[in-house]
1. Hey, how many Å between the Cα centroid of segment 83-129 and the Cα centroid of segment 144-204?
2. How would you rank 59, 72, 108, going from fewest to most other Cβ atoms within 10 Å of each one's own Cβ?
3. Would you calculate the convex hull of the Cα atoms in the chain and tell me its volume per residue in Å³?
4. Please find the FRET efficiency linking residue 82 to residue 157, where r is the Cβ-Cβ separation and R0 is fixed at 45 Å, and quote it to the nearest 0.05.
5. If one takes the longest principal axis of the Cα atoms in the chain, at what angle in degrees, from 0 to 90 and to the nearest 10, does the Cα axis of helix 24-53 lie?
6. Can you put 45, 94, 114 in order, fewest other beta carbons within 10 Å first?
7. With n ≥ 4 as the cut-off for DSSP H runs, can you work out [θ] at 222 nm for the chain, using -39500 (n - 2.57) per run divided by the number of residues, rounded to the nearest 500?
8. Would you mind checking the tilt of helix 132-160 against the longest principal axis of the Cα atoms of the chain, expressed as 0 to 90 degrees and rounded to 10?
Ligand SMILES: [Fe+2]
Ligand SMILES: [Fe+2]
């Protein structure tokens, strides 16, 4: 009798778990976010190489730092997606490499879109669907993109004024959340996730 009761109870629990509504919007958003972040990462690496080719070492390092940050965002989103029992399909990142001035403008446009439109919507959906891990991953990415946006604007202004050699040369990237610092402006603990600065990935 006891065994029968136990079996009924376990079956009921399993049935309930299987019938939890899936956070469908957040799952789609995580997939879109992984594509966006992965594409940004390989695109910025290509932009860094172009900047080196054009003799802009400072701007190359900014692109390398941002590329590293975006790869961390992609990995974080992927982990959340897998925790939800979902898998990412294969995809091919698509982007164009132009001159460094044009690449900076493309980066500014991309980061602006992510901050004002894409992550704003993803965060709203994740909060509505109560997926806390997605809210955290989207917040870390969005807050980082806001910083990238400012760095890119400064870099483009410097480039247009022939003053790119006055830009910072070294950057630090938090390995947990992707937060990106100019080396001379680092926090002892990451402002987004509290990781200690001795763990930062240095780009120089
Ligand atoms: Fe970014
Ligand atoms: Fe962090």
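Taken together, the values in this text are just the output of simple stated rules run on the coordinates, not laboratory data. These numbers were taken from a predicted model, which means no experiment stands behind them. Note that each Cβ is placed from the backbone with ideal geometry, even for glycine, and that neighbours are counted across all protein chains shown.
1. Between the Cα centres of segment 83-129 and segment 144-204 lies a distance of 19 Å.
2. Placing the least packed residue first, the sequence is 108, 72, 59.
3. Working: hull volume 26.0 nm³, N = 204.
In the chain, the Cα convex hull volume per residue is 128 Å³.
4. 0.65
5. 20 degrees
6. Ordered from fewest to most neighbouring Cβ atoms within 10 Å, 45, 94, 114 come out as 94, 45, 114.
7. About -21500 deg cm²/dmol.
8. 10 degrees
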